[in-house]
Amino acid sequence: MNVEYYTGVDERLDVPVVLPPYVDVVDLRDTKVLIVDDVADTGHTLALVREHCLDEVAEVRSAVLYEKSRSVVECEYVWKYTDQWINFPWSTEPPLVNPEDGTVVLDA
């Protein structure tokens, strides 16, 4: 699922918004799902995805690189805990561009 919430440093929309392509929920009742995100800051994005999955699958767990103390979701798998703002390269650096034709490289 693609969910947008942050619009800048500590600036966010009123609520997380699910963006296309949308998940086509088929019969997943026996499926175990791992939700992965870079950071559980407020946790609202993870909570939205988790709630979407809970009624459709057998089990839902979450994994993040960083979890902040204010997160409304406690993830099962966390690399580090912090309350600092984190700038990830995929959020701050421009996309890779093919030097031959100037197209954006989608898979580096």
For this session: Read through the list (1) surrounded by 15 or more Cβ atoms within 10 Å (Cβ to Cβ); (2) at pLDDT 80 or above, then give the number of the only condition that Tyr5 fails.
Result: (2)
For this session: Give segment 55-72 a look and list any residue that's under 14 Å from Met1 (Cα atoms) and loosely packed, with under 13 Cβ neighbours inside 10 Å, or say none.
Result: none
Exercise. Out of all the residues in segment 93-103, is one or more assigned to a strand (DSSP E or B), over 15 Å from Val3 (Cβ atoms) and out of contact with any His (no Cβ under 9 Å at 6 or more places or on another chain)?
Worked result: yes
Exercise. What are the residues in segment 34-54 that are surrounded by 12 or more Cβ atoms within 10 Å (Cβ to Cβ) and either farther than 30 Å from Gln84 by Cβ or in contact with an Asp or Glu (Cβ under 7 Å, 6 or more places away or on another chain) (or both), if any?
Worked result: Ala40, Thr45, Leu46
Exercise. Here is a list of conditions, (1) surrounded by 12 or more Cβ atoms within 10 Å (Cβ to Cβ); (2) under 14 Å from the mean Cα position of the chain (by Cα); (3) not charged (D, E, K, R), and Thr82 meets all of them except one; can you say which number that is?
Worked result: (2)
Exercise. Residues in segment 10-32 that are farther than 27 Å from Asn87 by Cα and surrounded by 12 or more Cβ atoms within 10 Å (Cβ to Cβ): how many?
Worked result: 3
For this session: Only residues in segment 39-52 that are at positive phi count as the first member; pair them with residues that are surrounded by fewer than 21 Cβ atoms within 10 Å (Cβ to Cβ) and of a type in the set (Asp, Glu), Cβ under 9 angstrom, at least 6 apart or cross-chain, and list the lot.
Result: Gly43/Glu74
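The values are calculated or read from the model by the stated rules, or taken from the named source; none is laboratory data. This structure is a prediction, so every number in the text was calculated from the model and none was measured. Glycine also receives a Cβ, built like all others from the backbone with ideal geometry; neighbour counts cover every protein chain displayed.
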